[in-house]
Structure formats: structure tokens, C-alpha cells
Amino acid sequence: MEEAQSQTPHVLMMPSPGMGHLIPLIEFAKRLVLLHRFTVTFAVPSGDAPSKAQISVLNSLPSAIDHIFLPPAPLNDLPSNTKAETIIVLAVSRSLPSLRDLFKSIVAQRNLVALVVDQFGTVAFDVAKEFSVSPYIYFPCAATTLSLILHMPKLDESVTGEYRDLTEPIRLPGCTPIPGKELPDPFLDRENDSYKFFLDTMKRFVLAEGIFLNSFLELEPSAINALQLSGSGNPPIYPVGPLVKVDSSGSEEGVECLNWLDEQPHGSVLFVSFGSGGTLSSVQLNELALGLEMSGQKFIWVVRSPSDKEASASFFSVHSQDDPLRYLPEGFVERNRGRGLMVPSWAPQAQILKHGSTGGFLSHCGWNSTLESLVSGVPLIAWPLYAEQRVNAIILTEEIKAALRPKMNEESGIIEKEEIAKVVKCLFEGEEGKKVRAKMEELRVAGERAIGDGGSSSRTLLEVVQKWRSSNVSG
Ligand code: UDP
């Protein structure tokens with residue numbers, strides 16, 4: 001029999017601003033709704049009016065997932081050089097009064113069992129507590145990154161000076177050692193306000209009733225086991241991944257990419273993309289173009305205008321302001337016609353990776369991109385740019401061994417065309433390439449099992465679902 005709406009377990013989810021934070025939570029919400037018949041409301045905070053992309057993705061969800069855009073929290077008092085992390089945390093904290101109003105109305109009508117926020121939303125825990133609702137975190141990155149964050153308060157006390165100057169790497173239980181200079185961006189400048197905002201937000205992780213992790217036991221066994229160790233002082237850690245979106249919006253460029261792939265031989269195409277916000281310098285963009293050409297490999301490249309030419313290139317805007325193809329080397333587009341497809345700004349990544357013609361992914365190693373590649377069994381070339389991508393690149397190359405990493409010329413800070421061509425060739429034809437390809441295929445199968453019936457991640461989610469259902473008795 002159908003549960004009455006007031007009895008159905010309901011979860012309130014609050015993603016922090018930015019599509020990159022909304023999409024992972026949506027995938028989690030879909031699983032709760034489709035597999036466990038929960039209902040979900042998204043409370044979406046922002047510093048501005050909702051974007052078209054947010055509206056269209058939220059409108060396309062199953063009817064058991066509702067959404068409300070919280071009134072924009074003005075941020076125009078912040079200096080123009082304010083870092084992304086500070087903006088995100090402030091947009092959330094300034095939205096708390098409207099979140100409180102929403103709680104009042106939901107608690108009166110529904111059986112609200114949990115608030116789930118992402119890594120920047122822990123400031124909302126107090127509001128959940130006011131209504132006796134359990135707060136949870138959905139952490140959309142690797143277990144090693146979670147370990148870094150949970151250790152951040154201790155690191156902050158024990159390390160003097162900048163982490164980037166440490167001569168020894170940071171060693172955390174069960175994790176591959178991470179050199180200080182490779183830590184996530186907000187760690188790298190302790191004098192900056194964004195470090196303090198980040199630290200305050202991360203200190204509250206221990207207050208969560210549980211932390212969902214978009215990873216799976218078979219992918220990061222030792223880091224996850226260490227996080228779950230009793231006596232670690234961590235909240236319960238629930239690996240529920242790999243959860244990735246399976247399709248992207250059907251734009252015209254998207255259709256063109258997929259049609260082009262249909263005509264290419266199986267496993268012959270390298271997909272090149274740096275996530276929703278990654279940009280290169282002009283010199284690096286030029287070098288990448290020449291390196292791809294030199295490799296002789298077929299490729300699809302999502303091209304963005306270089307960062308030194310476009311001040312607005314940022315986390316919040318995925319589209320270049322002008323035509324990015326004009327920054328490519330003279331004659332490049334013509335010379336590579338038929339062999340390379342250049343797509344300005346945005347491509348349907350998940351579908352491209354799923355396509356049988358795609359045989360490699362040169363990626364910035366954002367965690368969503370990493371998992372999308374994994375579920376498609378596509379090996380990576382790791383080219384990290386910012387945020388926690390350097391950590392991901394280390395895990396992927398040194399621990400998981402599913403990626404190759406081109407070497408940077410330390411003097412110029414550039415990855416040169418010869419190196420790019422060498423690594424691309426190695427991925428498709430070399431011995432090392434064979435190994436990482438086989439590893440990715442193994443992980444694809446393991447990932448499918450983890451979220452399949454009775455798999456490790458499915459069992460973990462079921463454990464929480466049962467806990468939430470039992471807290472439902474009074475509802
Ligand atoms: N994405 C896409 N098309 C693009 C670039 C990115 O569909 O041209 C999607 C990609 O599939 C992934 C997300 O945007 O789901 C990027 O997330 P990730 O964590 O990899 O990196 P971020 O953008 O947060 O740096």
C-alpha cells in the first residue's frame with residue numbers, strides 16, 4: 001500500500017551554489033527516491049538568481065524530488081578578489097534564515113528524517129538541530145580528500161608555516177602520502193580568509209550523524225577502512241558510489257559530438273576536457289594543441305578561452321565569453337579536420353565517455369569526471385588544475401593505477417608538446433597504457449557490482465535507509 005505523503009520518509013538536501021555541487025547530490029537523491037521510495041526537497045541557495053542550467057536540471061527530475069530556490073543572498077559587499085570557497089560558504093550562511101522558514105513548513109507537513117548538505121554546507125547543521133532533524137554530509141570526492149578534511153583541524157594545530165613548504169609529505173592513515181604543495185587549494189594560503197572559512201566549515205564535519213562518500217570500498221579500500229575504524233573519532237562513513245549522471249543535456253554541439261563518434265573506430269578517440277571551470281594559459285593551450293596533433297591520435301577537445309585572455313573564466317561560468325577556437329594555433333582547425341573535433345566550452349561528457357569509440361580521457365581529474373570515466377572503463381591521462389584535483393591525480397596514478405601523468409617542465413611550468421604526444425601514444429599503444437586500461441575495466445566491473453543488488457555501496461545505503469525508516473515510527 002502507498003505510504004501517505006505525511007508518513008513517507010522525506011529528506012531535505014541543500015547543495016552549495018554551483019552546478020558542480022548540485023549534480024552529485026541529485027544523483028544521490030535519485031537513488032533514495034527510485035530505490036527506496038523516499039521523497040526529497042532540494043533547497044537551493046545562491047548569491048544570484050537561479051541559472052538556466054539549474055532550472056532545467058531540477059525541472060527534469062522525478063516528481064518525488066521537489067525543489068525550492070531560496071531567495072538570493074546578496075554578496076555584493078564582498079571584494080572582487082574574494083575566493084570561490086569564501087563566496088560559497090557565505091552564500092550558504094546568509095541563506096540560513098530562509099532555510100529556517102522552509103524547515104518550519106516542511107516539518108509541519110512531512111516526515112523529515114534528515115538534512116543532507118555537501119562539504120560547504122555544514123553551517124546549516126544548527127538549523128537542522130533546532131528542528132531535531134539529523135544532519136548528514138554528502139561528500140562528492142575521494143576518501144583520501146575526506147581524510148585530509150577530517151584531519152584538517154589537527155594539521156592546523158600541528159603544522160607551523162605553509163603546508164606547501166613542508167619537506168615531508170602528509171601521511172594519513174590508509175592514504176597515499178600527499179606532498180604539501182599538492183593539497184587542495186584552500187590549504188595552500190593559510191593567510192587568506194578562504195582558509196579560515198574552509199577550516200571553520202570543515203571543523204563541523206565531526207558534528208554530522210554520518211558522511212556519505214561518493215566512492216566505493218573496492219576503489220579505495222585502505223583509505224575507507226581507516227576512515228571507518230572505530231576509535232578514529234569520525235562520524236559513520238558511508239561509501240555509496242560510484243554515483244554519476246548518465247546523460248547530459250541534448251545540445252546541438254552534443255548531437256554533433258555523438259554523431260562524429262559514431263563514425264570513428266572502436267576505442268580510437270581521446271576525449272580532452274578540463275571540467276566545468278578549467279582553463280589553461282595561452283602558452284599551455286598552444287602546446288596542448290600541438291601535442292595532440294603530434295600524437296596522431298583522434299580526439300574530441302572541449303576548448304575554453306585561455307585564462308590569461310579571459311578575466312571572467314571562473315568556477316561559476318562554464319561558457320567562454322568569446323570564441324575559444326580563435327586562440328588555437330594558426331591553421332590547427334583546418335589541419336586536424338576529420339581527425340580532431342574541437343567543441344567550444346561544453347560537451348555531453350558522460351555520453352562521450354560511454355561511447356564505444358572513446359578510448360581515453362585527458363582530464364583535470366575532477367572527482368565526477370574520474371568516476372564517469374571509471375563507470376565507462378575509460379583510462380585517464382591526469383592533468384590536474386585546481387581544487388582537490390592534484391590529490392585525485394596522485395591517487396589515480398600512484399594508488400589506483402588507472403591513469404598516466406605527463407611531466408611538467410618544472411622551470412617553465414608547462415607540459416610540453418613532445419611529452420603530451422608521448423603520453424597520449426603510450427595510453428593507446430604502450431605497455432603502460434595497456435595496464436591502466438585493464439585496471440579501469442576491472443574498476444568498471446567492480447563499480448557496477450558495488451551499486452548493484454547486494455553490492456557494497458547498495459548495502460551501505462540500505463543500512464542508513466533502514467535507520468531513517470525506523471526513525472519514522474512517530475511520523
Ligand atoms: N561536464 C560536462 N561537459 C563538459 C564539462 C563538464 O558534462 O564539457 C560535466 C562532467 O560530466 C561532470 C561535471 O561536469 O559531471 C564536472 O565535474 P568534475 O567533478 O569532474 O569537475 P569540476 O567541474 O567540478 O571541476
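Before moving on, here are some points about what is shown:
- Note on the stretch 29-60: among residues that are touching a strand residue (DSSP E or B) at 6+ places or on another chain (Cβ under 9 Å) and in contact (Cβ under 8 Å) with a residue 60 or more places away in the chain, the one that is farthest from residue 100 (Cα to Cα) is 36.
- Sole residue being without any contact (Cβ under 8 Å) to a residue 60 or more places away in the chain, assigned to a helix (DSSP H, G or I) and within 13 Å of the ligand (Cβ to nearest atom), chosen from 396, 325: 396
For (1) over 27 Å from residue 257 (Cβ atoms); (2) within 16 Å of the ligand (Cβ to nearest atom); (3) touching a His at 6+ places or on another chain (Cβ under 9 Å), each residue gets a yes or a no:
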| residue | (1), (2), (3) |
| --- | --- |
| 369 | no, yes, no |
| 384 | no, yes, yes |
| 401 | yes, no, no |
| 412 | yes, no, no |
| 417 | no, no, no |
| 442 | yes, no, no |
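- Candidate set from the stretch 287-310 (those that are at pLDDT 95 or above and surrounded by fewer than 19 Cβ atoms within 10 Å (Cβ to Cβ)); member that is nearest to the ligand (Cβ to nearest atom): 290
- Selected residue (only one of 395, 414 is β-branched (Val, Ile, Thr) and under 20 Å from the mean Cα position of the chain (by Cα)): 395
- Only residues that are within 18 Å of residue 281 (Cβ to Cβ), out of contact with any Gly (no Cβ under 6 Å at 6 or more places or on another chain) and either surrounded by 18 or more Cβ atoms within 10 Å (Cβ to Cβ) or modelled with pLDDT of 95 or more (or both) were counted in the stretch 311-329, giving 6.
- The residues listed here are 53, 43; of these, the one that is of a type in the set (A, V, I, L, M), at pLDDT 95 or above and on the phi < 0 side of the Ramachandran plot is 43.
- Selection status of residue 88, among the aliphatic types (A, V, I, L, M) and either in contact with a strand residue (DSSP E or B) (Cβ under 6 Å, 6 or more places away or on another chain) or touching a residue at least 60 places away in the same chain (Cβ under 8 Å) (or both): yes
- Being closer than 20 Å to residue 244 by Cβ, over 16 Å from the mean Cα position of the chain (by Cα) and not assigned by the TED database to the domain that holds residue 188 is true of residue 440.
- Residue in the stretch 255-262 that is acidic (Asp, Glu), free of Cβ contacts under 8 Å to residues at least 60 places away in the same chain, more than 17 Å from residue 333 (Cβ to Cβ) and in a helix (DSSP H, G or I) present: no
- Residues satisfying the stated conditions in the stretch 342-380, i.e. of a type in the set (Val, Ile, Thr) and closer than 23 Å to residue 185 by Cβ: 370
- Residue count for the stretch 334-389, restricted to those that are closer than 29 Å to residue 146 by Cα, assigned to a helix (DSSP H, G or I) and not β-branched (Val, Ile, Thr): 13
The values are calculated or read from the model by the stated rules, or taken from the named source; none is laboratory data. Only a predicted model underlies this, so the values are computations on that prediction, with no experimental measurement involved. Because the Cβ atoms are built from the backbone with ideal geometry, glycine has one as well, and the counts that use them run over all protein chains shown.
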